[in-house]
Amino acid sequence: MERDAVSERAAGPRQSRRGFVNWLLGTSVGGLLLAVLYPVTRYLIPPETAESTAATVTLSIRPEDVAPNSAQIFRFGNQPGILVRTPAGELRAFSASCTHLSCIVQYRDDLGRLWCACHNGHFDLNGRVVQGPPPSPLETFVVNVRGDQIVVSRDA
Amino acid sequence: MATIKQRFSGVWAWLDERLDLAVLREIAEKKEVPVHRHTVWYYLGGMTLFLYVIQIATGILLLFYYRPSAEDAYESVQFLMAEVHFGWLFRSIHAWSANLMIFTAFLHLFSVLLLRAYRKPREITWISGVLLLGLAMAFGFTGYLLPWNELAYFATRVGTQIMEAVPLIGPYMATVLRGGDDVSGATLTRFYAIHVAVLPMLTTFLLGLHLFLVQKLGMSIPPDVEREGGAKGKMNFFPNFLLRDLVGWLTALAILAALAAYFPAHLGAKADPFAPAPAGIRPEWYFMFMFQTLKYLPAHILWFEGEAVGILGFMLAALILLIVPFLERRSGRGEPSRLFSWIVIGVIVYIVVLTYLGYAAEPMA
């Protein structure tokens, strides 16, 4: 064993041959690791789901089903939205995901505000933050009533 | 009686011839526990281990009925609680034992801190222990979601959203953990895989290391006991200390059974991703002090988001906790370290007060 080492050191080309073999082994092991880790990593990252590109959604709720000073949750693609009829009778729609930690907000008819129960965030009926931790207003949607259908669309 | 003993010694001799069991006997006979006024704290590690064994046993039983999908999970737990014989018992014990295990792990951690058991040569034992506590909390976080009820659904939504506040990698981490941009059925299957496979595997490895080191290095004698002239005496681990352990474990089992019977685990309403969050969303109690801290932080600190500052602060605190043996070196040299004791006590007080506030100062409107 020791003699081998000595003769290796003596013979220059042999040394470089060993270096080459080591390099080959090293890169093979590295390549193997990459070949295993890359698919595993990509596997763990969820595939991109086709995000709802629909800018408009027709609700299954009829206008007369939403009484003044009340609200209903609806689906805007795969996101929750909230449709509010103000005490004055106007229909408004917002994203129902609180901008703080994305809990789903609800309408408080005693306050006339949208309220997030998770951390006590309050929004007025323009979506603006009135009180609590939310850092930004709720996304506002455009509401159109066509006959007995409510059409909600993204402000684009 | 004699024949049983004879037969047993025959089996022992047969195995000993092949496996050299004398080594085991030697280890059992040599292992000793120092006796002094702080000896009682030595029981906490064993207690945590016992509760972990309970978790494995009840967890396996729950797997026989649980179905990990957003459509089925809630119903399968409901079925387990209502129809399956003793289903309520095993689920309740699993829930209670989880809480008690984390509680005893925290006590273990703080007793080791205050008794300086992390000092040289036990740095690796300490690090493996802190990592095990992290795994226990990850078990808690992932297990909480599995019944797919309303409270757990929104708590997980909030918990993973908090993760997004970590600069740069946060949103990426949260997406991988959730299996998407929102908590959904994909999150449930991921948490399930993590809870029943990934974490048990990591825990087995780390726990093996932790126990091996405890066995190899023996019990640490606190520096103040050493300064007073050392331990009063020694106790054989086998059977003296182990029998005392057993008394504690049987008591814990009785307490678990009583808690499960009188305060069974709740299920609540099924999670609905399109329903407003109910009031009173809160994480498990051992996350409460962090959650409450985040609540008190303003929305913006300088030019950072308050949440990001808070979560980075806790990550820094966890890192400091992990490397305590390399930061506090006075006790390793045999010098007193008063200041460190006060820091630890301060941390305990902070956790207790913030946890209390989390439950007492819940906003109602």
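The values are calculated or read from the model by the stated rules, or taken from the named source; none is laboratory data. Bear in mind that the values here come from a model prediction, so they are computed numbers and not experimental data. Because the Cβ atoms are built from the backbone with ideal geometry, glycine has one as well, and the counts that use them run over all protein chains shown.
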Which residues, taken from segment B:312-365, are within 27 Å of B:E284 (Cα to Cα) and of a type in the set (D, E, K, R)?
B:E362
Of the candidates B:V198, B:V214, B:V176, the one satisfying the condition of being within 14 Å of chain A (Cβ to nearest Cβ), at pLDDT 90 or above and farther than 30 Å from B:F79 by Cα is B:V176
Given the conditions (1) assigned to a strand (DSSP E or B); (2) in contact with a Leu (Cβ under 6 Å, 6 or more places away or on another chain); (3) more than 10 Å from chain B (Cβ to nearest Cβ), every one holds for A:V151 apart from (2)
Would you mind telling me which numbered condition in (1) within 14 Å of chain A (Cβ to nearest Cβ); (2) of a type in the set (F, W, Y); (3) part of a helix (DSSP H, G or I) B:F238 fails?
(1)
Residues that are crowded, with 18+ Cβ neighbours inside 10 Å and among the acidic types (D, E): find the helices (runs of 4 or more DSSP H) completely inside segment B:116-190 holding 1 or more of those.
B:150-163
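Can you find even one residue in segment B:266-276 that is over 30 Å from A:Q72 (Cα atoms) and buried (at least 17 other Cβ atoms within 10 Å of the Cβ)? It would help to see each step written out before you state the result.
Step one: filter segment B:266-276 for residues over 30 Å from A:Q72 (Cα atoms), giving none.
Scanning segment B:266-276, I find no residue that is over 30 Å from A:Q72 (Cα atoms) and buried (at least 17 other Cβ atoms within 10 Å of the Cβ), so the answer is no.
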Where residues in segment B:104-115 are within 15 Å of B:M219 (Cβ to Cβ) and not aliphatic (A, V, I, L, M), which of them is surrounded by the fewest Cβ atoms within 10 Å (Cβ to Cβ)?
B:S111
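Test A:G127 against the criterion of being at positive phi, away from chain B (no Cβ under 11 Å), surrounded by 19 or more Cβ atoms within 10 Å (Cβ to Cβ) and in contact (Cβ under 8 Å) with a residue 12 or more places away in the chain, and give yes or no.
Values: at positive phi: yes; away from chain B (no Cβ under 11 Å): yes; surrounded by 19 or more Cβ atoms within 10 Å (Cβ to Cβ): yes; in contact (Cβ under 8 Å) with a residue 12 or more places away in the chain: yes.
For A:G127, the condition - at positive phi, away from chain B (no Cβ under 11 Å), surrounded by 19 or more Cβ atoms within 10 Å (Cβ to Cβ) and in contact (Cβ under 8 Å) with a residue 12 or more places away in the chain - is met.
To keep it simple, each residue is scored yes or no on (1) modelled with pLDDT of 95 or more; (2) assigned to a strand (DSSP E or B); (3) touching a helix residue (DSSP H, G or I) at 6+ places or on another chain (Cβ under 7 Å).
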| residue | (1), (2), (3) |
| --- | --- |
| B:K5 | no, no, no |
| B:F8 | no, no, no |
| B:R18 | no, no, no |
| B:E26 | no, no, no |
| B:T48 | yes, no, yes |
| B:Y52 | yes, no, yes |
| B:S69 | no, no, yes |
| B:A98 | yes, no, yes |
| B:T104 | yes, no, yes |
Counting only residues that are within 8 Å of chain B (Cβ to nearest Cβ), part of a loop (DSSP other than H, G, I, E, B) and at pLDDT 90 or above, how many does segment A:69-97 have?
1
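When you look at B:F326, is it away from every other protein chain (no Cβ under 12 Å) and in contact with an Asp or Glu (Cβ under 8 Å, 6 or more places away or on another chain), yes or no?
Answer is yes for this residue.
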For segment A:109-124, what are the residues that are in contact with a His (Cβ under 9 Å, 6 or more places away or on another chain), touching a residue at least 12 places away in the same chain (Cβ under 8 Å) and either in a strand (DSSP E or B) or outside the structural domain of A:F141 (by TED's automatic domain parsing) (or both)?
A:R113, A:L114, A:C116, A:G121
Tell me, which residue of segment B:179-190 that is more than 9 Å from chain A (Cβ to nearest Cβ) and out of contact with any Lys or Arg (no Cβ under 9 Å at 6 or more places or on another chain) is farthest from A:A117 (Cα to Cα)?
B:T189
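Among what's in segment B:307-345 and is part of a loop (DSSP other than H, G, I, E, B) and on the phi < 0 side of the Ramachandran plot, pick the residue that is surrounded by the fewest Cβ atoms within 10 Å (Cβ to Cβ). Before you say what the answer is, go through the steps one by one.
Taking segment B:307-345 and keeping what is part of a loop (DSSP other than H, G, I, E, B), we get B:323, B:328-330, B:334-337.
This time we only want the ones that are on the phi < 0 side of the Ramachandran plot, so: B:323, B:328-330, B:335-337.
Values: B:I323: 13, B:E328: 19, B:R329: 12, B:R330: 15, B:E335: 9, B:P336: 13, B:S337: 17.
Per the criteria, the residue is B:E335.
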Cβ pairs under 8 Å, 6+ apart or interchain, first in segment B:266-295 and assigned to a loop (DSSP other than H, G, I, E, B), second buried (at least 17 other Cβ atoms within 10 Å of the Cβ) and acidic (D, E), ordered by first then second residue, are B:G268/B:E150; B:A269/B:E150; B:A271/B:E150; B:D272/B:E150; B:P273/B:D182; B:A275/B:E150; B:P278/B:E150
Residue satisfying condition, being within 13 Å of chain B (Cβ to nearest Cβ), surrounded by fewer than 18 Cβ atoms within 10 Å (Cβ to Cβ), hydrophobic (A, V, I, L, M, F, W, C) and touching a helix residue (DSSP H, G or I) at 6+ places or on another chain (Cβ under 8 Å), within set A:L101, A:L44
A:L44
Looking only at segment B:271-288, count every residue that is over 27 Å from the mean Cα position of the chain (by Cα) and under 23 Å from B:P68 (Cα atoms) and tell me the total.
5
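Would you call B:L80 of a type in the set (A, V, I, L, M, F, W, C) and either surrounded by fewer than 17 Cβ atoms within 10 Å (Cβ to Cβ) or in contact (Cβ under 8 Å) with a residue 24 or more places away in the chain (or both)? Walk me through it before giving the result.
Details: of a type in the set (A, V, I, L, M, F, W, C): yes; either surrounded by fewer than 17 Cβ atoms within 10 Å (Cβ to Cβ) or in contact (Cβ under 8 Å) with a residue 24 or more places away in the chain (or both): no.
For B:L80, the condition - of a type in the set (A, V, I, L, M, F, W, C) and either surrounded by fewer than 17 Cβ atoms within 10 Å (Cβ to Cβ) or in contact (Cβ under 8 Å) with a residue 24 or more places away in the chain (or both) - is not met.
Return yes or no: is B:A95 more than 30 Å from B:K216 (Cβ to Cβ), among the hydrophobic types (A, V, I, L, M, F, W, C) and in contact with a Leu (Cβ under 6 Å, 6 or more places away or on another chain)?
On the way: more than 30 Å from B:K216 (Cβ to Cβ): yes; among the hydrophobic types (A, V, I, L, M, F, W, C): yes; in contact with a Leu (Cβ under 6 Å, 6 or more places away or on another chain): no.
Considered against the rule, which asks whether it is more than 30 Å from B:K216 (Cβ to Cβ), among the hydrophobic types (A, V, I, L, M, F, W, C) and in contact with a Leu (Cβ under 6 Å, 6 or more places away or on another chain), B:A95 comes out as no.
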Here the residues within segment A:130-155 that are exposed (fewer than 15 other Cβ atoms within 10 Å of the Cβ) and under 20 Å from the mean Cα position of the chain (by Cα) are A:P135, A:S136, A:D155
